[in-house]
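Student: Right, I'll just put the structure down here and ask away after.
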Amino acid sequence: VWAQESERLYLSGTGPDDTKTWEFRCSGGMNSGKWGKIEVPSCWELQGYGEYTYGRFYRKKGLKPSTETGRYRTTFKAPKGDVYKLVFEGSMTDTQVWIDGQQVGPIHQGGFTEFSYDITPFVRPGKKQTLEVLVSKESANASVNSAERRADWWLFGGIYRPVYIEVLPKEYIEHVSIDAHANGEIYAQVKTQPASVSESVALSINGQPVSYDKSKGCWVYPNPKTWDPEHPNLYTATFTLGNGHSFNQKIGFRT
């Protein structure tokens with residue numbers, strides 16, 4: 001099966017040992033009130049900005065968490081494509097995003113979850129464009145702060161995981177949920193855009209086509225090596241649409 005993966009345009013680096021420099025301005029604490037440079041992904045305290053707060057600050061009477069915000073700015077040129085998704089793998093914590101001065105979607109709340117925006121209406125392929133991101137260290141949502149910001153760790157702020165633009169065809173696989181049993185039966189929920197093309201999905205495991213059993217309502221992979229903590233055998237499941245767009249995910253067979 002011919003497979004074409006989504007094209008990724010990384011706006012940040014891919015990790016702590018591979019970063020890209022963005023413009024940055026912090027609202028309070030170290031080196032605040034002026035534009036400087038910051039490596040992305042990172043936490044801004046470790047780049048010399050903002051204030052340090054420990055997650056159990058509330059145990060000492062009168063202490064409050066630092067509430068500075070960080071404004072990020074960078075530029076990009078997107079290649080030609082049909083659909084564009086801007087993906088943040090993680091930022092702490094409330095995050096607001098603009099492209100060329102236009103807000104691309106609602107504020108995301110929560111520092112430990114990946115989130116994305118469909119930025120197709122805002123992209124001008126081949127043209128230099130400006131991305132701006134405002135990150136609030138403390139969330140405006142009290143439940144988020146209770147769950148994430150009141151614990152036995154330092155409270156950092158910043159875009160601490162990679163940021164990229166995913167370039168997609170008009171018909172694409174958006175998400176897959178997989179339940180791979182120890183007997184080789186693979187049950188999957190495949191979310192596609194548009195939803196109607198989900199019926200044309202094919203599956204291969206490590207490049208080997210897998211047959212679909214209509215009577216069981218699942219794919220069947222013969223004689224898999226099962227997964228357990230002592231033997232963490234993993235396979236690459238590739239789901240592919242009729243237009244060639246593919247979606248890869250690591251799976252383990254277990255019950």
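Student: Using every Cα-Cα pair within the range 97-182, state what percent have a distance larger than 20 Å. Can you show the working numbers first?
Tutor: On the way: 1891 of 3655 pairs.
Considering the range 97-182, 52 percent of its Cα-Cα pairs are separated by more than 20 Å.
Student: If eta is 1.567 mPa s and T is 4 °C, what Stokes-Einstein diffusion coefficient results for the range 1-146, Kirkwood Rh from Cα pairs, in µm²/s?
Tutor: 77 µm²/s
Student: Find the Rg to Rh ratio for the range 76-123, where Rh is the Kirkwood radius over alpha-carbon pairs and Rg uses the same atoms. Spell out each step's value before the answer.
Tutor: Numbers: Rg = 11.3 Å, Rh = 11.5 Å.
Using Cα coordinates only, the ratio equals 0.98.
Student: Still on this structure, please answer the following. Would you mind telling me the share, in percent, of accessible area of the range 4-137 contributed by carbon and sulfur at probe 1.4 angstrom? The partial results should precede the final answer.
Tutor: Numbers: 3190 of 6890 Å².
With neighbouring chains kept in place, the figure for the range 4-137 is 46 percent.
Student: Restricting to DSSP H runs of at least four residues, report the calculated mean residue ellipticity at 222 nm for the chain, -39500 (n - 2.57) per run over all residues, nearest 500 deg cm²/dmol.
Tutor: Working: 1 runs with 7 residues, N = 255.
It comes out at -500 deg cm²/dmol, rounded to the nearest 500.
Student: Then there is this: So which residue, out of 176, 163, 104, gets the largest mean-square fluctuation from a GNM of the chain using Cα contacts under 10 Å as springs?
Tutor: For the chain, modelled as a Gaussian network with Cα springs under 10 Å, the answer is 176.
Student: Using θ = phi - 60° and the Karplus relation 6.51 cos²θ - 1.76 cosθ + 1.60, list the HN-Hα couplings for the range 194-210 in order, rounded to whole Hz, with x at every Gly or Pro.
Tutor: Working through the residues one at a time gives x, 4, 5, 7, 5, 6, 9, 7, 10, 10, 10, 10, 6, x, 9, x, 10 Hz.
Student: Once you keep just the Cα pairs under 8 angstrom separated by 6 or more residues, what percentage relative contact order results for the range 1-138? If you can, show how the numbers build up before the last one.
Tutor: Details: 264 pairs, mean separation 31.9, N = 138.
Over the range 1-138, the number comes to 23 percent.
Student: Taking square-rooted eigenvalues a ≥ b ≥ c of the alpha carbon gyration tensor, is the range 157-255 rounded, prolate or oblate, where a/c under 1.5 means rounded and, failing that, a/b exceeding b/c means prolate?
Tutor: On the way: a/c = 2.27, a/b = 1.19, b/c = 1.91.
Oblate is the answer for the range 157-255, as a/c is 1.5 or above yet b/c matches or exceeds a/b.
Student: With a 1.4 Å probe and all protein chains left in place, how much accessible area per residue does the range 154-202 have, in Å²?
Tutor: Values: 2250 Å² over 49 residues.
For the range 154-202, the per-residue accessible area is 46 Å².
Student: Something else: Test of understanding: express the Cα radius of gyration of the chain as a ratio to 2.2 N^0.38 Å, with N the residue count. Spell out each step's value before the answer.
Tutor: Values: Rg = 21.5 Å, N = 255, 2.2 N^0.38 = 18.1 Å.
Rounded to two decimals, the normalised Rg is 1.19.
Student: Just to be sure I understand the curve: with the Debye formula and one point per C-alpha of the range 30-107, what is log10 I(q)/I(0) at q = 0.27 Å⁻¹?
Tutor: Results for the range 30-107 at q = 0.27 Å⁻¹ read -1.50.
Student: What percent does the relative contact order of the chain come to when contacts are Cα pairs within less than 8 Å and at least six residues apart? Spell out each step's value before the answer.
Tutor: On the way: 604 pairs, mean separation 52.3, N = 255.
Value for the chain: 20 percent.
Student: Pairs of Cα atoms under 8 Å, at least six residues apart: use those to get the relative contact order of the range 114-226, whole percent. Walk me through the numbers before you get to the answer.
Tutor: On the way: 90 pairs, mean separation 18.8, N = 113.
Across the range 114-226, relative contact order equals 17 percent.
Student: I would also like to ask the following. In whole Å, how far is the Cα centre of the range 132-207 from that of the range 20-49?
Tutor: 27 Å
Student: Determine which lysines satisfy two conditions relative to residue 37: a Cα distance under 27 Å, and not lying fewer than 8 residues away in the same chain.
Tutor: 20, 77, 85, 127, 128, 137
The values are calculated or read from the model by the stated rules, or taken from the named source; none is laboratory data. Being a predicted model, the structure only gives us computed values, none of them experimental. Just the protein is used for accessible areas: all its heavy atoms, side chains included, with ligands, DNA and RNA removed. Shrake-Rupley method; radii C 1.70, N 1.55, O 1.52, S 1.80 Å.
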